[in-house]
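Here is the structure we will look at, set down as structure tokens.
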Ligand SMILES: Cc1ncc(COP(=O)(O)O)c(C=O)c1O
């Protein structure tokens, strides 16, 4: 079998997504809990477990209850998404996040994962170079390798040095060559929960403009800025080399609905659209229409604003602080205090250099699932996601206690 696979399939087999792999343990635990000595505490993936906003559920129900609407929702939408959905996104961006976008700059897809792949297909050729931060959301490395059939070179811009988030623009400039096509940022960051300040962010965009390079900004965690509020670069008009990668997965707690969108220049959107015609045909329709229905009510926009801009950051900040308080009790580790997002990234080198071994021993011995830092580009670190336990602090505290016990057993 191995001999008939493509080089890229062999690469994918050798580099599976550790988070998706851990998911199979979770699925197994759900089916056969009796096989495990304790309840599995899953702190591995970025899956919010708190419910989507109630008006979204109601809108979905209304569509399901109305035969005509249900029939329309069952049809293929256009490749870029239902036109009413694109219009609703313009309202959503403006009314919630204060950003003016035009419909021509928008394209929706089956989650931002799908759209990132289509974007890479649209702008990368063999021999091109891409700059990712280090650490960076693990799927981007795999996607670029797969899309380019291992033909694009990935350079890493280290943003964490000596345990601190300290991105250096000169260092980024030193990585750019005439082959550089794209710089990709995630803010707030996955796996580190760090947020680019205004000066560095605008510096990256300026540098890229100057060198004729695209900048893609993944804003999956935009509604999860804790204390600083949402930086103004997330609401100013799009600059010409910027591609914004947005998703409703986290903001609206609908990761299984697969709803993402891109904001980019219309010519690029058109190119991506034609690629999507071949790759996915179109996004899923019912959830787009539920979103449209929800946003068509003025009072619900107000409700959503409070859900996204007040309740969400407050709730997630509280849990992030709890994780940090618990980590303060653990000897021999150091962590990055998150400014946003779902994750706390911590350095376990003094306990075990090999992050995959750390994660698998913790899972085997104490049934707590984390994600290994090496997959994000940083060996000796591990990522804890508190999104799955945001509604269950007791479970989180128990998980932290098990991590502490595991570490003391390793040290003794
Ligand atoms: C930074 C980042 N971007 C994108 C995604 C995937 O988003 P989607 O559900 O829209 O495919 C994730 C998922 O964890 C993520 O962490």
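The values are calculated or read from the model by the stated rules, or taken from the named source; none is laboratory data. Since the structure is predicted, the reported quantities are computational estimates derived from the model, not experimental observations. Please note: Cβ atoms are built from the backbone with ideal geometry, for glycine as well, and neighbour counts cover all protein chains shown.
Structural remarks
- Selection count where residues are part of a loop (DSSP other than H, G, I, E, B) and either over 24 Å from residue 342 (Cα atoms) or more than 16 Å from the ligand (Cβ to nearest atom) (or both), scope region 206-229: 7
- Checking residue 228 against (1) modelled with pLDDT under 95; (2) touching a strand residue (DSSP E or B) at 6+ places or on another chain (Cβ under 7 Å), the condition it does not meet: (2)
- Per-region count, region 364-412, residues out of contact with any strand residue (DSSP E or B) (no Cβ under 9 Å at 6 or more places or on another chain) and either closer than 30 Å to residue 142 by Cα or crowded, with 22+ Cβ neighbours inside 10 Å (or both): 3
- Test result for residue 263, surrounded by fewer than 24 Cβ atoms within 10 Å (Cβ to Cβ) and more than 16 Å from the ligand (Cβ to nearest atom): no
- Selection from region 378-400 of residues that are assigned to a helix (DSSP H, G or I) and touching a residue at least 12 places away in the same chain (Cβ under 8 Å): 387, 388, 389, 393, 395, 396, 397, 398, 399, 400
- Inspection of region 306-322 finds a residue satisfying the criterion of being surrounded by 18 or more Cβ atoms within 10 Å (Cβ to Cβ), closer than 21 Å to residue 135 by Cα and not assigned by TED's automatic domain parsing to the domain that holds residue 223.
- The lone exception for residue 341 - which of (1) within 16 Å of the ligand (Cβ to nearest atom); (2) surrounded by fewer than 21 Cβ atoms within 10 Å (Cβ to Cβ) it fails: (2)
- Any hit, region 268-286, residues being crowded, with 21+ Cβ neighbours inside 10 Å and outside any helix (DSSP H, G or I): yes
- Residue check for residue 203: in a strand (DSSP E or B) and at negative phi: no
- Helices (runs of 4 or more DSSP H) wholly inside region 55-169 that include at least 1 residues being more than 25 Å from residue 304 (Cα to Cα) and either within 16 Å of the ligand (Cβ to nearest atom) or in contact with a strand residue (DSSP E or B) (Cβ under 9 Å, 6 or more places away or on another chain) (or both): 111-123, 138-147
- Residue ID - nearest to the ligand (Cβ to nearest atom), chosen from residues in region 8-54 that are more than 28 Å from residue 345 (Cα to Cα) and under 27 Å from the mean Cα position of the chain (by Cα): 53
- Filter result (under 22 Å from residue 120 (Cα atoms) and either more than 8 Å from the ligand (Cβ to nearest atom) or outside any loop (DSSP other than H, G, I, E, B) (or both)) within region 237-254: 238, 239, 240, 241, 242, 243, 244, 245, 246, 247
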